[in-house]
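Structure first, commentary second.
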Amino acid sequence: MFIFYNAITGDGCNMKIYKSYKFRMYPNKFQEELINKTIGSCRFIYNHFLDKKVSNAYSGIKLISEFTKEKAFLKEVDSCALRNSIFNLENAYKRYYKNLGGHPKFKIKGINNSYKTNNIKSTYKGKNYNSIKLDLINKIITLPKLKEVSIRGYRNKNKLNGEIKSAVIRKEGSKYYVSVLMEEDIIIKPFTPNTIVGIDLGIKDFLVTSHNEKIKNTIKINQKRLRGLQRGLSRCKLGSKNRYKIKLKIQRLFMKIKNARKFLLHTITNKLIKENDIIAVENLDVESMKQNHYIAKCLTENHISEIIRVLNYKATWNNKKLIQIDRYYPSSQLCNVCNYQNKNVKELSIRTWQCPQCGCTHDRDLNAAINIMCEGLKIYIKTYERELMTP
């Protein structure tokens, strides 16, 4: 999410944000074929220019017009989608050169099933036209080449306040979705904190708050069913109809798990944002933690990095503060009463321990959450004092 501060007044500040809205699409047969053709064409363009080692988007766009003369099927699809695939390749190279990711890889059919198109504005005879239009009353979205497509989602809204920038069309299994990117204006009022909470993102529990609220991850994969489907998939011949049917069943199973986890994540983060003004969490190095195979599975299921990402943008939208403390802060080892550090608590198997100095008995996760809350409050006070001293 990109944030731009425009004007600051005594009542607050105006802010422009980019916000995405996801809808389920119900295309007809012709539209389905065109979506699949566009996804395949974008994948073809991406792989072609990756093979030619073209890392500059503008030089690649100049070659598209000549390339479409050789490949006539590229003229049938949205030209913006083809250009965006080259920009995606350029971004992949930029991330690689900055050591933020690996070398760009070739896209595989059945895995990278999406394409992006832009909202092109034009004016003709005094009227304004947009290539992407959204009608929530009639549940219709207008997209380039596809024209009008039926959608479902956001039943409580009749209109989205903002300007449409782009749309991403995605195929997940046998279902189609569209994510519309909107530019919206929001007013951020002066920050007046009243409540604070510390969160320990755990392995045993989904998260533990400093208010002694423990939330468990109730979303689990049906491993027995998954193993059975995967065995059936391995027995089927490549390209057969039965293999395609079993593959769809596996995709639907993972989609249900994905949607259930997403619902749980947003339910928890909405509650935390609504009830607290300052939220303190640890800045964990999740990738390094996954090297420990004893806890790697729990970290993958709990999506710790996703919780922090969602809390970050929701705190910005709702004028709350998210404070991330140092990842090397010994939150589990410190006694929240006398501040004694017990280095023996490094072992994850120790769930409760007694402080040798004051004799208090601590629950490992609750004690860590309280220490995170106190450290987050200290960081906020230091930052607030620095802001007051700034002319």
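The value of relative contact order for the chain, using C-alpha pairs under 8 Å at least six residues apart, is 15 percent.
Mind scanning LYS204/LYS314; LYS165/LYS262; LYS171/LYS249; LYS109/LYS247 and naming the pairs with a C-alpha gap bigger than 19 Å? Correct reply: LYS204/LYS314; LYS165/LYS262. List the lysines whose Cα lies under 18 Å from the Cα of LYS105, skipping any in the same chain that are fewer than 8 positions away. The reachable lysines, counting only those whose Cα sits under 18 Å from LYS105, are LYS52, LYS53, LYS94. Candidate cross-link partners of LYS241 among the aspartates and glutamates, defined by an alpha-carbon separation under 20 Å and a same-chain spacing of 8 or more, comprise GLU32, GLU33, GLU172. Along the axis of the charge dipole computed for segment 215-289 (Cβ charges of +1 for Lys and Arg, -1 for Asp and Glu, origin at the Cα centre), the listed residues THR269, GLY239, ILE219 are led at the positive end by GLY239. Build a GNM of the chain with springs between Cα atoms under 10 Å apart, and of ASN36, ASN118, ASN292 the one that fluctuates most is ASN292. Distances between placed amide hydrogens fall under 5 Å for ILE323 paired with ILE279, ALA280, VAL281, all partners being 5 or more residues away or on another chain. Relative to the longest principal axis of the Cα atoms of the chain, the long axis of helix 57-70 lies at roughly 30 degrees. Principal-axis analysis of the Cα atoms of the chain puts helix 304-317 at an angle of about 80° to the longest axis. Test of understanding: in a Gaussian network model of the chain with alpha carbons linked when under 10 Å, which of ARG225, ARG252, ARG170 would top the mean-square fluctuation ranking? Of the options given, ARG225 has the highest mean-square fluctuation. Working from Cα pairs under 8 Å separated by at least six residues, relative contact order for segment 20-180 is 32 percent.
Backbone phi angles across segment 164-170, fed through the Karplus curve with coefficients 6.51, -1.76 and 1.60 (θ = phi - 60°), yield HN-Hα couplings of 6, 9, 7, 9, 10, 9, 10 Hz in residue order; Gly and Pro are listed as x. With contacts taken as Cα pairs under 8 Å and at least 6 residues apart, segment 132-179 reaches a relative contact order of 26 percent. Of the residues THR316, THR68, THR123, the one that moves most in a GNM of the chain with alpha-carbon contacts below 10 Å is THR123. Residues TRP317, TRP353, arranged from fewest to most other Cβ atoms within 10 angstrom of their Cβ, appear as TRP317, TRP353.
Only the coordinates and a few stated rules stand behind these numbers; no lab work does. Computed from a predicted structure; not experimentally measured. Note that we place each Cβ from the backbone using ideal geometry, even for glycine, and neighbour counts take in every protein chain shown.
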